[in-house]
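Enquirer: Below are the structure tokens for one structure; questions will follow.
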Amino acid sequence: MTLLISIFSAVICTAIWYKNAPKSRMMVGVLCWLYWGASIMWLADAIFEYAELGAEYFNPAPSDILNDLYLGLSVVALGLIIWLVILLVKDPKGVIKEALFKKKNL
């Protein structure tokens, strides 16, 4: 489940990045790298778990499915948080800089 969630997130993010590639100022490429890295990590985990469990890998318990769902959604949320922090620090559109240094007219 974690592999599927991270791959779907990576594919959706890559499609958004590709659509806006020439004029991308929102740094969606960073989010793509995060999700594709997570997908590769979960793929390696799935390969090793399949090597350990064999055919039982394809018959998980419902509690394992639920735990994997929560973990996958947590990975997507953490990726979004990291991307948001990077976006706020870099401030490609200058919104935060403008808000912080705006002179007040009294």
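Enquirer: Compute the distribution of all C-alpha to C-alpha distances in the stretch 49-106, in bins of 5 Å from 0, and list the percent of pairs in each, rounded to whole numbers.
Expert: 4, 14, 11, 12, 11, 9, 8, 7, 6, 6, 5, 3, 2, 1, 0
Enquirer: About the Cα centre, and with charges only on the beta carbon of Lys, Arg (+1) and Asp, Glu (-1), how big is the dipole of the stretch 2-100? Nearest 20 debye, please.
Expert: 900
Enquirer: Considering only protein heavy atoms and a 1.4 Å probe, what is the carbon-and-sulfur percentage of the accessible area of the stretch 2-100?
Expert: Carbon and sulfur atoms account for 73 percent of the accessible area of the stretch 2-100.
Enquirer: Please calculate how many Å² of accessible area the stretch 2-100 carries per residue, with a 1.4 Å probe and no DNA, RNA or ligand atoms counted.
Expert: Here the per-residue accessible area is 72 Å².
Enquirer: Another question about this same structure. Tell me the mean residue ellipticity at 222 nm calculated for the chain from its helices only (DSSP H runs of n ≥ 4, each -39500 (n - 2.57), averaged over every residue, nearest 500).
Expert: -25500 deg cm²/dmol
Enquirer: Which ³J(HN,Hα) values in Hz, rounded to whole numbers, follow from the phi angles of the stretch 92-97 under the Karplus curve 6.51 cos²θ - 1.76 cosθ + 1.60, where θ = phi - 60° and Gly and Pro get x?
Expert: For the stretch 92-97, the Karplus curve yields x, 9, x, 5, 5, 4 Hz.
Enquirer: How big is the chain on each of its three principal axes, counting only the C-alpha atoms and giving the largest first in Å?
Expert: Rounded to whole Å, the extents work out to 71, 31, 17 Å.
The values are calculated or read from the model by the stated rules, or taken from the named source; none is laboratory data. No experiment lies behind these values; they were computed from the predicted model shown. Neighbour counts run over all protein chains shown; Cβ positions are idealised from the backbone, glycine included. Please note that ligands, DNA and RNA were not included when accessible areas were found on the heavy atoms of the full protein model with its side chains. Shrake-Rupley method; radii C 1.70, N 1.55, O 1.52, S 1.80 Å.
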